[in-house]
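Data block below; observations after.
The values are calculated or read from the model by the stated rules, or taken from the named source; none is laboratory data. Values in this document were obtained by computation on a predicted structure and should not be read as measured data. Neighbour counts run over all protein chains shown; Cβ positions are idealised from the backbone, glycine included.
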């Protein structure tokens, strides 16, 4: 045990003493905050669109569409600015609008035309052709389609004899709908349940990031020590379980340090600006054993993947060779990321329940499903299966690690299989 801890301490110190380690700790939250704030900043800085409406329908829909196009966005600014239509020569609208939308000509009052809505007569009353300077932006189409649909339905009902005043009062009806669930505290679904859902998803993503970070550290560490013959020296003074355990524990301490710093910064900021949110998060984590639930799958998932990456690293001579083996593993790791967001909405979907029983996906999906309160038999069953696979993996890894560490040949599957039967720990 003493040698295992010495190896773990050596592994931990090799990373935390470097400048790059602390620099990455500082930059990662900055990048995360930038990623979260980017959509808001882009929305706030996006210019107000210049839109013209050309009404050929004969029903004066242009004036009735104006409020929908000018309606304010979430930041209070209008969605679009209505501008006068360019002068059309010869009745060819497409030819007249093209230079304005392409940016070759500016509007009479200055500025570029972003979109043009042409309302044409139709059997239902009117149809709309939306010309846009940016073909990837469908926001004008969406607004026009929604607003025009409401106008056409309104006119059809009035034509059928419904009083316009009655229609206005009907449109103003806004029913109050409240969500309830037997799993919610007090019955009514509130902020607590929403927080619990996102905590589960966050824990799954956090484990994915830790596995990805730890994988790189473990692979580089083992490959570097193998190429410099340090592993051979270690094998003369410590057992394979001690070496593997020390490396895994050391890297776990490194990633724990990173998480500890980030969580500390996040907690301080929440306590300073959102103390109620912090109290709610803490209350949710400490309720119903949720903290132990996450800890179990977090530790089990990390140990399962750390053992796998350590063994792979022992059979690789170069980082390039390790990258070729990492490809299939990254594809495997991408599967739970695809399904975790769905696990928040449909946690009991049959496909998700099946995937939860597959050990490589278990820790991620069971964390994301935490808010739905999976049955105890599923928690116990998936946990035992994950523990059994991890135990089998450790047994296999300790036999393969020595053969891989002492081998100078390139990785081949038959070499790995042969080591399981001939290696001695």
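Under the condition of being within 24 Å of residue 193 (Cβ to Cβ) and either assigned to a loop (DSSP other than H, G, I, E, B) or without any contact (Cβ under 8 Å) to a residue 60 or more places away in the chain (or both), the residues counted in segment 342-379 number 19.
One line per residue, one yes/no per condition, for (1) under 40 Å from the mean Cα position of the chain (by Cα); (2) without any contact (Cβ under 8 Å) to a residue 60 or more places away in the chain; (3) not assigned by TED's automatic domain parsing to the domain that holds residue 63:
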{"site": "93", "(1), (2), (3)": "no, yes, no"}
{"site": "96", "(1), (2), (3)": "no, yes, no"}
{"site": "124", "(1), (2), (3)": "no, yes, no"}
{"site": "134", "(1), (2), (3)": "yes, yes, no"}
{"site": "157", "(1), (2), (3)": "no, yes, yes"}
{"site": "164", "(1), (2), (3)": "no, yes, yes"}
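Of all the numbered requirements in (1) part of a helix (DSSP H, G or I); (2) loosely packed, with under 12 Cβ neighbours inside 10 Å, residue 136 misses one, and that requirement is (1). Pairing each residue of segment 262-286 that is closer than 19 Å to residue 206 by Cβ with any residue that is exposed (fewer than 13 other Cβ atoms within 10 Å of the Cβ) and at pLDDT 85 or above, provided the two are 6+ apart or on different chains, yields C-beta distances under 8 Å for 278/271.
For (1) surrounded by fewer than 13 Cβ atoms within 10 Å (Cβ to Cβ); (2) in contact with a helix residue (DSSP H, G or I) (Cβ under 7 Å, 6 or more places away or on another chain), each residue gets a yes or a no:
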site	(1), (2)
26	yes, no
42	yes, no
52	no, no
68	no, yes
85	no, no
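Going by what's in this entry, would residue 170 be described as farther than 30 Å from residue 85 by Cβ, assigned to a helix (DSSP H, G or I) and within 33 Å of the chain's Cα centre (by Cα)? Answer is no for this residue. Checked against (1) surrounded by fewer than 16 Cβ atoms within 10 Å (Cβ to Cβ); (2) assigned to a helix (DSSP H, G or I); (3) under 21 Å from the mean Cα position of the chain (by Cα), residue 329 passes all but a single condition, namely (1).
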